[in-house]
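Below is one structure, written out as structure tokens; comments come after it.
The values are calculated or read from the model by the stated rules, or taken from the named source; none is laboratory data. Being a predicted model, the structure only gives us computed values, none of them experimental. Glycine also receives a Cβ, built like all others from the backbone with ideal geometry; neighbour counts cover every protein chain displayed. Each accessible area value is taken on the protein alone, full model and side chains, heavy atoms only, with ligands, DNA and RNA left out. Shrake-Rupley method; radii C 1.70, N 1.55, O 1.52, S 1.80 Å.
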Amino acid sequence: AAAQNVHYLELMLSPDLGRAARLGALQQWDGDLPRLHAALQAAGMDEIVAFGRAQLDAMEARAREVLGCDTPGADPGCALPVRYLYQVNRVQPPERVFAQMVYGFALVQADPRVVGVNIVAPEDAYVARRDYRLHMAMFAYLRERAPAVNLALHAGELTLGLVPPEDLRFHIREAVERAGARRIGHGVSIMYEDDPFGLLDEMARRGVLVEINLTSNAVILGVEGRQSPFPVYRAAGVPVALSTDDEGVSRIDLTHEYQRAVEQFGLGYADLKTL
């Protein structure tokens, strides 16, 4: 990342190593979020937060060792600011999903290195589809209690033929309006949303940024070129930024995404600097 002149690196991870979800599995799901929230706290959520912070400490210490950060031959990556998003796995039972969200919010409040919460796993999976509105309601509940916690939610990583058409009509809007996401990951299905132009105007007005993952969307969804909503978001004044998604899976880097944006959309130098 440093070799590409990246200014800031943000990684998604789960430093609790599944402990929050396992704590949630011990709870009875009845849809009563305040009751479940209190039960999770009483069952030891604070201890898992402390464990996660210790995991981050150990991970960063190991990274500095590998990069030789305290030696004369320190790697340029030693000076690169790195922050984290806690990732919630959305394809689990609701008590496990909610426990992860509670943990993520607590971790953000406890550790400045963790700058927000995201939700991951295939959005077209059965449980992700079935519980989508419930997940957004969970986020809304927690944001009422901790409005300073940032949400950068994967939403709209869908296209026609992947899910029933009705699932294309509300995911991005729910993430923006109900959950209160400040950033949207992918957002591919924007033009299938009910009143897409109204939603685009709202996102532009609120400054909700969309993370554009050109290679990921092409490989996973088969959406690229003229099918991509990238120029739609730009024309509507919605802030956008290029993202790699998972470099290790796609075997790419951020430079590759900038090159792809130039070749497919004819971006100029000023466009790239703005991104």
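Things to note:
- Evaluating Glu95 against the criteria (1) open to solvent by 10 Å² or more (accessible area, probe 1.4 Å); (2) within 17 Å of Ala175 (Cα to Cα); (3) of a type in the set (Asp, Glu) leaves one unmet condition, (2).
- Restricting Val115, Val188, Val127 to residues that are open to solvent by 10 Å² or more (accessible area, probe 1.4 Å), under 12 Å from the mean Cα position of the chain (by Cα) and β-branched (Val, Ile, Thr) narrows the list to Val115.
- Here Arg226 meets each of (1) outside any strand (DSSP E or B); (2) at pLDDT 95 or above with one exception, condition (2).
- Close pairs from the range 50-70: first at pLDDT below 95, partner in a helix (DSSP H, G or I) and surrounded by 14 or more Cβ atoms within 10 Å (Cβ to Cβ), Cβ under 7 Å, at least 6 apart: Asp70/Arg64
- Filter result (surrounded by 14 or more Cβ atoms within 10 Å (Cβ to Cβ) and assigned to a loop (DSSP other than H, G, I, E, B)) within the range 76-91: Leu80, Arg90, Val91
- Within the range 1-16, residues that are farther than 10 Å from Val82 by Cβ reach partners that are open to solvent by 50 Å² or more (accessible area, probe 1.4 Å) and part of a helix (DSSP H, G or I) with beta carbons closer than 6 Å, at six or more positions or on different chains, in the pairs Ala2/Pro76; Gln4/Thr255; Pro15/Gln55.
- Count of residues meeting criterion [part of a loop (DSSP other than H, G, I, E, B) and of a type in the set (Gly, Ala, Ser)] in the range 35-75: 5
- Selection status of Ile220, open to solvent by 60 Å² or more (accessible area, probe 1.4 Å) and within 25 Å of Ala1 (Cβ to Cβ): yes
- Of all the residues in the range 230-275, those that are under 23 Å from Val120 (Cα atoms), assigned to a loop (DSSP other than H, G, I, E, B) and either among the acidic types (Asp, Glu) or over 18 Å from the mean Cα position of the chain (by Cα) (or both) number 5.
- Boolean, Gly207 is closer than 29 Å to Ala39 by Cβ, modelled with pLDDT of 95 or more and either open to solvent by 10 Å² or more (accessible area, probe 1.4 Å) or touching a Phe, Trp or Tyr at 6+ places or on another chain (Cβ under 7 Å) (or both): no
- Applying the criterion of being surrounded by 14 or more Cβ atoms within 10 Å (Cβ to Cβ) and among the polar types (S, T, N, Q) to the residues of the range 22-75, the residue that is farthest from Arg143 (Cα to Cα) is Gln55.
- Residue in the range 151-163 that is more than 30 Å from Gly248 (Cα to Cα) and open to solvent by 70 Å² or more (accessible area, probe 1.4 Å) present: no
- Qualifying residue in the range 97-105 (condition: at pLDDT 95 or above and assigned to a loop (DSSP other than H, G, I, E, B)): no
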